1. What do you reckon, is SER141 open to solvent by 10 Å² or more (accessible area, probe 1.4 Å) and either within 30 Å of GLY194 (Cβ to Cβ) or among the basic types (Lys, Arg) (or both)?
2. Only residues that are free of Cβ contacts under 8 Å to residues at least 12 places away in the same chain and either in contact with a His (Cβ under 9 Å, 6 or more places away or on another chain) or part of a loop (DSSP other than H, G, I, E, B) (or both): list them for the range 81-93, please.
3. Is at least one residue of the range 156-168 within 13 Å of the chain's Cα centre (by Cα) and modelled with pLDDT under 95?
4. Specify the residue that is surrounded by the fewest Cβ atoms within 10 Å (Cβ to Cβ); the eligible residues are those in the range 187-206 that are assigned to a helix (DSSP H, G or I) and at pLDDT 95 or above.
5. Kindly indicate whether any position in the range 71-90 is open to solvent by less than 60 Å² (accessible area, probe 1.4 Å) and on the phi > 0 side of the Ramachandran plot.
6. Checking GLY173 against (1) on the phi < 0 side of the Ramachandran plot; (2) open to solvent by less than 20 Å² (accessible area, probe 1.4 Å), only one condition comes out false. Which one?
7. I'd like to check something: does the range 60-80 contain any residue that is charged (D, E, K, R), over 24 Å from SER210 (Cα atoms), free of Cβ contacts under 8 Å to residues at least 60 places away in the same chain and out of contact with any Lys or Arg (no Cβ under 7 Å at 6 or more places or on another chain)?
8. Quick one: is LEU218 under 23 Å from LEU241 (Cα atoms), in contact with a Phe, Trp or Tyr (Cβ under 7 Å, 6 or more places away or on another chain), at pLDDT 95 or above and not polar (S, T, N, Q)?
Amino acid sequence: MTDTHDTSTTNTKHDTPDVSSAAVPTTERAVKLVVLDMAGTTVADDGLVERAFGAAAQELGVTPGSPEHAEQLAYVRATMGESKISVFRHLYGTEERAQRANTAFEAAYAELVDAGHCAPVPGAREAIEELTAQGRTVVLSTGFARPTQDAIIAALGWQDLVALTLCPADAGGRGRPFPDMVLAALLRTQAADGVQQIAVAGDTAYDMLSGSRSGAALVAGVLTGAHRADQLRAAGATDVLPSVAALPALIAAYESGDAAGRAAAGTAAGAVGDGSVGAAP
């Protein structure tokens, strides 16, 4: 059974930022809350999810390299960003088997993190610090369970970096593609007056679906993770960026109504992926 207790982590240091009236525009185009994905968006994945899935599949008797393994891995890739326990429920049918797989996955991922296989996406910390300095509230969300999320945060030394961290259990158990974690971020932080003042960024189609379903004004896909620009756009991305490092520039351009600047933000961090970056037409 998914734990639905409130396990979110809040840093009071950022809950009520001291911001001058000029820091964030007071117009309806102001972005006051920024909800960022972790693996593939702010945290480099480098195949860790797939390696941990391999351990989970073996726990359920799936032979590495077999057609069954290949089929399951394809599903894992297609559903990157979704709550991992939801993925395992789909793959393995019963709750008991899904929980076994999830436990093996979390243990394998934690071992990889402990072994030093965890690093930030270049420019991610700096982007978060810049957004916070501008008076915006930044939240990190994930499809991982709370222990794995906390292990990643600790390994990166990010315990005091953001106002709040959320996992699916913190939003009633539903992860992406549902909008629950984005809306939970709004309710928990009370940082924005409405969803039109939210920006969401992630590397998967499910991140885009979650953001668009929440009503967020900006739903930015980044090309440092699982999915291509065309997949991100098809799932509702308003913009596609080379990396999260370009997000502060995108938000600034959006707030000022600078269409050219908004499009340019897609190439500000250099060409990545298929080159299809910038604001959606």
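The values are calculated or read from the model by the stated rules, or taken from the named source; none is laboratory data. The structure presented is a predicted model; accordingly, all values stated were derived computationally and were not measured. Positions of Cβ are generated from backbone atoms using ideal geometry, with glycine treated the same way; all protein chains shown enter the neighbour counts. Only protein heavy atoms, including side chains, enter the accessible area calculation; ligands, DNA and RNA are left aside. Shrake-Rupley method; radii C 1.70, N 1.55, O 1.52, S 1.80 Å.
1. So SER141 does not fit the description; no.
2. If the condition is that a residue be free of Cβ contacts under 8 Å to residues at least 12 places away in the same chain and either in contact with a His (Cβ under 9 Å, 6 or more places away or on another chain) or part of a loop (DSSP other than H, G, I, E, B) (or both), then GLY93 is the only one that fits.
3. Yes: the range 156-168 contains one or more residues that are within 13 Å of the chain's Cα centre (by Cα) and modelled with pLDDT under 95.
4. LEU187
5. Yes, the conditions are met somewhere in the range 71-90.
6. Among (1) on the phi < 0 side of the Ramachandran plot; (2) open to solvent by less than 20 Å² (accessible area, probe 1.4 Å), GLY173 violates only (1).
7. yes
8. Yes, satisfied.
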